[in-house]
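A.B. asks: Supplied in structure tokens, the structure appears directly below.
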Amino acid sequence: MSIDRRRFLVLMGAGLGSSVVLAACGRQGGGTATKVKGPTVAMLQMVDAPPPNEVRRGFIAALAKAGYEEGKTINFVQKDAAGELPNSTLIMKQFVGGKADLIFAIGTPPLQAAMKEVPETTPVVFAYTSNPWGAGAGTPPGGVGQHRPNVVGTIGTSPVDKELDLARELVPGLKSVGLIYNPGEPNSEFEAKLLKEEAAKRGITVEEQSVANSGEVLQAAEALAQKKVQAFVKIGDYATIQGFGSIAKVGLKNKIPVISVDADDIKLPGTLATLGWSYYDDGYAAGELAVKVLKGESPATMAFLPLTKIDILINRSTAKAIGLDVSDALLAKANKVVD
């Protein structure tokens, strides 16, 4: 899946690449060393982190169930962009140059790169994507005829309205929440706007701190704690995916409830609750779409698929540590309670 040396140097000279691409991003999806007879699926995610990894795992499982088994009947090439938007463009160029039979874009920025670089002769399936419209994939709601003919996938916009309702259920009389995100990410900007709109409907003030990368998250969380926010909330954002441990730490120290949209965050001391999609299920649903495409069905005949199933997880140990009582009704409503 490599591009020739001359083209690589041109891309690097144009500022589209980074040494990080070569150091951290290129690897086979699950260890396939030799190409086998069968289609090649190239997969790109922004970062190596639990949420997109779970999406990829679900995607591969769906293909395996349909008979596309890695190392036997299908080839996987998996890369991540190390959190850098320019890297996603370079990697997509590599995928195109390597003539992948199908590209799996895990996240809004990889999908945006695919829409810029992938010709309409190559099918693209996406998942873990909050804003396919902003990425250039189509127009809402993404029905047949409302998207690019070679693109289909799942829509996983974070349920920020339900996240705020959960925050208010945990903190009765909630009037302010703290939000940390990178406005340079198209997915983050989109979800932050939705969150602020939903907060306004509920009479909740959103105190914001913008960051450029995960290294700035701790300082941003401490700044919001000084403003006495009543809870921290999270949206789909790569900077806070990587730096969420800092938010949970500050929340625990200052006894501020922390609510996330990423289920894996419930393991972090200081995370009180999570509410969101199952990322494995997201990837699995996208994998089922990919199976249809690999079997000859055109993405143009399919509609984008919104996620609907929401899981609520609550950490009772964190609740006790910050001195918060979680009602029996809410505990009963949770899909999982962590002690």
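Bear in mind that the values in this text are calculations on the coordinates, not laboratory data. Keep in mind the model is a prediction, meaning the values are calculated, not measured. Because the Cβ atoms are built from the backbone with ideal geometry, glycine has one as well, and the counts that use them run over all protein chains shown.
A.B. asks: With the chain treated as a Gaussian network of Cα nodes joined by springs under 10 Å, which of K162, K309, K116 yields the largest mean-square fluctuation?
C.D. replies: Greatest mean-square fluctuation among the candidates belongs to K309.
A.B. asks: So if each residue of separation counts as 0.36 nm, and I subtract the Cα-Cα distance between T139 and D101, what length gain in nm does that give?
C.D. replies: Gain in length upon complete extension: 11.2 nm.
A.B. asks: Here's a follow-up. Based only on other Cβ atoms within 10 Å, what is the fewest-to-most ordering of D262, D328?
C.D. replies: By the 10 Å Cβ count, ascending, the order reads D328, D262.
A.B. asks: Here's a follow-up. Ranking M46, M302 by Cβ neighbours within 10 Å, fewest first, what do you get?
C.D. replies: M302, M46
A.B. asks: Could you work out [θ]222 nm for the chain from helices alone, using -39500 (n - 2.57) per DSSP H run of at least four and dividing by all its residues? Round to the nearest 500 deg cm²/dmol.
C.D. replies: -12000 deg cm²/dmol
A.B. asks: Of V211, V55, V47, which is the most mobile in a GNM of the chain whose springs link Cα atoms less than 10 angstrom apart?
C.D. replies: Of V211, V55, V47, the most mobile in the Gaussian network model is V211.
A.B. asks: Straight-line reach only, C-alpha to C-alpha below 23 angstrom: list the lysines that K201 could link to, leaving out same-chain residues fewer than 8 apart.
C.D. replies: Within reach: K162, K175, K193, K227, K228, K234.
A.B. asks: Does anyone have the angle between helix 50-65 and the longest principal axis of the chain? Alpha-carbon axes, 0 to 90°, nearest 10?
C.D. replies: 50
A.B. asks: Right, something else. For the chain, set up a Gaussian network in which alpha carbons nearer than 10 Å are linked by springs, and say which option among T89, T139, T157 fluctuates the most.
C.D. replies: Judging by the Gaussian network model, the answer is T139.
A.B. asks: At 0.36 nm per residue, minus the direct Cα-Cα distance, what do A329 and T121 gain on full extension? Give it in nm, one decimal, please.
C.D. replies: Details: separation 208, 0.36 × 208 = 74.88 nm, distance 5.20 nm.
Net length gain for the segment: 69.7 nm.
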